[in-house]
1. Going by Cα centres, the stretch B:92-106 and the stretch A:97-114 are how many Å apart?
2. Determine, from the Cβ-Cβ distance of residue B:125 and residue B:73 and an R0 of 25 Å, the FRET efficiency 1/(1 + (r/R0)^6), rounded to the nearest 0.05.
3. Taking 0.36 nm per residue of separation and subtracting the Cα-Cα distance, what length does fully extending residue A:131 through residue A:117 add?
4. Find the percent of Cα-Cα distances in the stretch B:12-77 that exceed 14 Å, and round it to a whole number.
5. Pop a pseudo-label 7 angstrom from the Cα along the beta-carbon direction at both residue A:45 and residue B:47 and give the gap in nm to one decimal.
6. Averaged across the residues of B:46-55, what count of C-beta atoms belonging to other chains lies within 10 Å of each residue's C-beta?
7. Quick one: compute the contact order of chain B, relative version, from alpha carbon pairs under 8 angstrom and 6+ residues apart, as a percent.
8. Below 8 Å between Cα atoms, with a sequence gap of 6+, how large is the relative contact order for chain A in percent?
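None of the figures in this text is laboratory data; all of them are computed from the coordinates on show. What you see is a predicted model, and the numbers here were worked out from it, not measured in a lab. Cβ: placed from backbone, ideal geometry, glycine included. Neighbour counts: every protein chain shown.
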């Protein structure tokens, strides 16, 4: 069982600059071919102010900054034992290439199931842009498998 | 493509499905780099085996990203208000996925006309990998 003292734990806030090349790479990786996600002129013609950040892209921000991996080390969870349980995004404003986004995350809950075989970590994040505008809120539920406790 | 409107959309309407190519090791390598999720369990067979898995498997966020394509193809992305999923099963190498969904509710809230969608990702055996819902504002 993960120490419940981590409930309420604030993760270091991080800044993330949305790069055009990274958005194009992400589009390629998910098979996105619509021009408004790849080409600035097409994005502007579609009414966007730059290449739009796709709906799930910002999930990577905590990972990029190494924050999730550091957290797992602090919690004593081997990275090979984690699974993604749930993910949600609530959108307030569209983000674009060139934005510098601030991500603030906290651990809002920790609980166990199946007699300790599975631990659940709930992480809530707020993402705002360079003007202080709220872009989105995200919630991740990470599941940690504990093979030893399961067989015991 | 004609955009859906609040008046024209009905509860029970199905969204056009999105069929994806089979998941390959290359798919996962590209997604690891592009998404920022470098967990080796998705890209390094030796590591996956040492973690007790028979093979590498897809990041949960990959099929969720496919669902994002599916949703924003139906209605422009700035109209997407909420998007959530539960990850129900691991997606192995070779899986052939498709995204689907339907309208389950229409309502007004704070002056916005919204539709709730039930959405999911299944493989070609009909196994559900992700299931969730989305709220989209329609004019």
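1. Here the two parts' Cα centres lie 26 Å apart.
2. Numbers: r = 25 Å, r/R0 = 0.98.
E(calc), rounded to 0.05, equals 0.55.
3. Details: separation 14, 0.36 × 14 = 5.04 nm, distance 4.39 nm.
In short, 0.7 nm is gained.
4. Working: 1344 of 2145 pairs.
Pairs farther apart than 14 Å: 63 percent.
5. 4.1
6. Details: counts 0, 2, 1, 1, 2, 7, 4, 1, 0, 0.
Per residue, the average neighbour count from other chains is 2.
7. Contact order relative to length: 30 percent.
8. Values: 285 pairs, mean separation 42.6, N = 152.
That works out to 28 percent.
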